[in-house]
Amino acid sequence: MNPFKQLGQMAGLLQQLPRIKEEMDRLQERLGQIVAEGDAGAGMVKVRVNGRLEVLSCSLSEEVFRQADREMLEDLIRAATNQAIERARQQAAEETGKMAAGFGLPSGLGLPGLPS
């Protein structure tokens, strides 16, 4: 690629910095509104996580207390949490990709302040 073309693209991005900051702030707000759920043990454990990867809730069915020993319960909680986090990351990546596309940036660009 022509180095002058790259320089021109960089200058164009620099001119858009105030708009990029606004969009990043909006994106952070949208990430807080994303909710992803993971479950394990046929629904005995359910975990909800937002797009900022904050755990919103963890619910345990009555069945889990009848069947699970401590180690099994720990495994179920870990599995449900990891599943919820992965789903939240996927949704966050979609939102980030939409924002990046709006600025002509390549998809998959790791933007600062976002979960990876």
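The values are calculated or read from the model by the stated rules, or taken from the named source; none is laboratory data. Quick caveat: nothing in here was measured; it's all calculated off a predicted structure. Neighbour counts are summed over all protein chains in view; Cβ atoms, including those assigned to glycine, are modelled from backbone coordinates with ideal geometry. SASA here: full protein model, heavy atoms, side chains in, ligands and nucleic acids out. Shrake-Rupley method; radii C 1.70, N 1.55, O 1.52, S 1.80 Å.
Data table
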{"read-out": "Solvent-accessible surface (1.4 angstrom probe) belonging to D39, in square angstrom, nearest 10", "value": "60"}
{"read-out": "In Hz, Karplus ³J(HN,Hα) per residue of segment 50-58 (6.51, -1.76, 1.60; θ = phi - 60°; x = Gly, Pro)", "value": "9, x, 8, 6, 9, 6, 8, 7, 9"}
{"read-out": "Virtual spin-label span in nm between R66 and Q15, 7 Å along Cα→Cβ", "value": "6.8"}
{"read-out": "Alpha-carbon centroids, segment 12-62 and segment 75-98: separation in whole Å", "value": "8"}
